[in-house]
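Just below is one structure, and these are the notes that go with it.
The values are calculated or read from the model by the stated rules, or taken from the named source; none is laboratory data. Note that the coordinates shown come from a computational prediction; the quantities given were computed from them, not determined experimentally. Neighbour counts are summed over all protein chains in view; Cβ atoms, including those assigned to glycine, are modelled from backbone coordinates with ideal geometry. To get the accessible areas, we keep the full protein, side chains included, count just its heavy atoms, and leave off ligands, DNA and RNA. Shrake-Rupley method; radii C 1.70, N 1.55, O 1.52, S 1.80 Å.
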Amino acid sequence: MALIISGLGASRGIAIGNVHLLLRSSLEVYERTLYPDEISTEVKRFKSAVDRAGKQLHKIQDSIPPEAPKEIASFIESHLLMLKDSMLSKAPIEIIKEIYCNAEWALKLQRDKLIAVFEQMEDDYLQTRQNDIDHVINLIQKMLFDHQYEVEKEIQTLRGSIIVADDLTPADTVVLQHQNIAGFITELGGPLSHTAIIARSLGIPAIVGMQDARFLLKENEQIIIDGSEGMVLAGVDDKTIKEYKAKQREQKEERRKLESLRDVKARTKDGIAINLQANIELTDDIKALKQSGAQGVGLYRTEFLYIDRDEPASENEQLSAYKKVIRALKGLPVTIRTLDLGAEKEFDPKYKGPLVQNPALGLRGLRRSLKDTELFKLQLRAILRASIIGPVRIMFPMITSHEELMMALTVLDQAKRELKEKDKEFDNEIPIGIMIEVPASALVAARFAKQLDFLSIGTNDLIQYTLAIDRIDESVNYLYDPLHPAVLRLIQLTLQAGNRAKIPVSMCGEMAGDPRYTRLLLGMGLRHFSAHPATVLDVKSIINSSSVKKLEPQCKRIVSAATRPDKIHQLVDQLNE
Ligand code: PEP
Ligand code: MG
């Protein structure tokens, strides 16, 4: 009988494949005391394990597909360097000789020693290297445990598998996609974590927040995941597999029909033109954006230029990344969001500030940029310089106060002045906007609107901060509700502020790309949507089959104070019928 396990659907689609458990935690290691005559064999065993680990890493390096992000190769390079370092290749040998213990135990003792040293370090960048040390030590431990072990085989066998892991980083998600995995399941994380967002943009069916997944599912068993339903089926019979294969085909057929809408304008049945753009994050997303027929980039997340690398990208590297997108967009607008590090996005390795308990409420987004104005200015100069080749807009994330906006605009002026001094050209009239992601900024949106060219509602964070729900904490995900009356009220306030100031208000959070909310948002007055490339066509198909005139009175009722919160879901369902 099939076992049905639920999690949270993070990226839709059906995947059928065999489970591959990703062992991210360390292997259990036991101590064994050696006889003196065993020492030299043990040392040889250790050396051979280190040697094989090195060969494996070189092989992996050679197998990285050319289109893979550059950072992947540099991760592996740094692991190779660590492996060669005497702290890993020699120190355990001394321990074996000194205390007559097995190689695994010596390696464990050395790991504990290194980690203790790392923990004392004030430098957060070095602290983050703890993870790398563990990765390399785990690899040697695996070599000691199984001298036939080959990472390469592990990688090859990933093709078509469903990865089950405790957690995956955004970088992991990208690497796995290059291995053509069928889907993934994680025990941690929520549907709004960046890993989930990347999974959606790469089109990998995914389930997150599935507690104990690695214990409930067995290595190599065939399972089905349904990313739309957040459901996993294990122990399935042939009949069920057939049914799901048929469903997979149906979904592909629906997709094909949607694709025929690609070159059709987004326009409601009563003739209102809607601006439908897409969010992008990786350069790979440009292709998906083009396929979606989106009318520009409503949100270009730029964190990839900073995270998982030793140094933030230089001005020229940023410039060429932006130019690539602007050129590919051929005259359509590109909204570049300035750096939004912090919260669940890894900190810049160079960041020297204290580690905080509550990063979502800490130094993130624009606050972070204003603390390091040189780094901020570098990005602004790159965006400004890119603005001469096509329409670009600058967008500041996570802003809460007018003072922050004034400071950001001052830094922007300095960046412009520096470029002028060097005779570098830029669009002096470049439109400036902010993301409305915090209740405070939605409440004073009218004030912001007076000074800006556009506003963009970031519902992922707006919902998180309004409802006090950590967007990556799976234990409170059930409270995450875009239809909460408080959230709807804040969206409405922002739309009204934009209307009064006669500036466009866009929405670029996940809510904008979820077809369940399209009609409600249209009826509330939203005219600029920026969705995932993967959902742009779904949203367009709803827009083109809706009439704003009909929706407006119904939506007014939904958002009005008179509606009981528990009725809102029911009324929104009725809108969609
Ligand atoms: C948001 O908060 O809605 C948003 C689009 O930004 P991010 O998901 O990158 O925080
Ligand atoms: Mg955000």
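Brief remarks on what is shown
- Whole-Hz ³J(HN,Hα) from phi, Karplus 6.51 cos²θ - 1.76 cosθ + 1.60, for region 400-414, glycine and proline x: 10, 9, 4, 4, 4, 4, 4, 5, 5, 5, 5, 4, 4, 4, 4
- Estimated D of region 382-534 in µm² per second, where Rh is the Kirkwood radius over Cα pairs and Stokes-Einstein applies at 25 °C, 0.890 mPa s: 149
- Calculated [θ] (222 nm, deg cm²/dmol) that DSSP helices of n ≥ 4 give over the chain, each run adding -39,500 (n - 2.57): -15500 deg cm²/dmol
- Three-way shape call for region 194-324 based on the alpha-carbon gyration tensor, with the a/c threshold at 1.5: oblate
- For residue 161, the residues whose amide H sits under 5 Å from its own are 182, ignoring neighbours fewer than 5 places away on the same chain, with H placed 1.01 Å from N.
- Compactness of the chain is given as radius of gyration and Dmax, 25.8, 88 Å, from Cα positions.
- Karplus-derived HN-Hα couplings along region 207-216 (A = 6.51, B = -1.76, C = 1.60, θ = phi - 60°), whole Hz, x at Gly and Pro: 10, 10, x, 9, 4, 6, 3, 6, 9, 7
- Between 0 and 90 degrees, the angle of helix 533-543 with respect to the longest Cα principal axis of the chain falls at about 30 degrees.
- Sorting 304, 184 on solvent-accessible area from highest to lowest, probe radius 1.4 Å, gives 304, 184.
- Surface composition of the chain: carbon plus sulfur atoms contribute 52% of the solvent-accessible area (1.4 Å probe, protein chains only, all chains present).
- Kirkwood Rh, Cα atoms: Rg over Rh of region 260-575: 0.96
- Tilt relative to the chain, helix 238-259 - C-alpha long axis, 0 to 90 degrees, to 10: 40
- Backbone HN-Hα couplings from phi across region 90-104 [Karplus 6.51/-1.76/1.60, Hz, Gly and Pro as x]: 10, 3, x, 5, 4, 5, 4, 5, 6, 10, 6, 10, 5, 4, 4
- Helix 315-329 and the longest principal axis of the Cα set of the chain meet at an angle near 50°.
- Order by protection proxy (mean Cβ within 10 Å, highest first), peptides 418-425, 513-520: 513-520, 418-425
- Where the chain is the region considered: accessible area per residue in Å², 1.4 Å probe: 46
- Overall form of region 483-535 per C-alpha gyration tensor (a/c, 1.5; a/b vs b/c): oblate
- Each Lys or Arg adds one and each Asp or Glu subtracts one; over the other residues with Cβ under 11 Å from the Cβ of residue 212, this totals -1.
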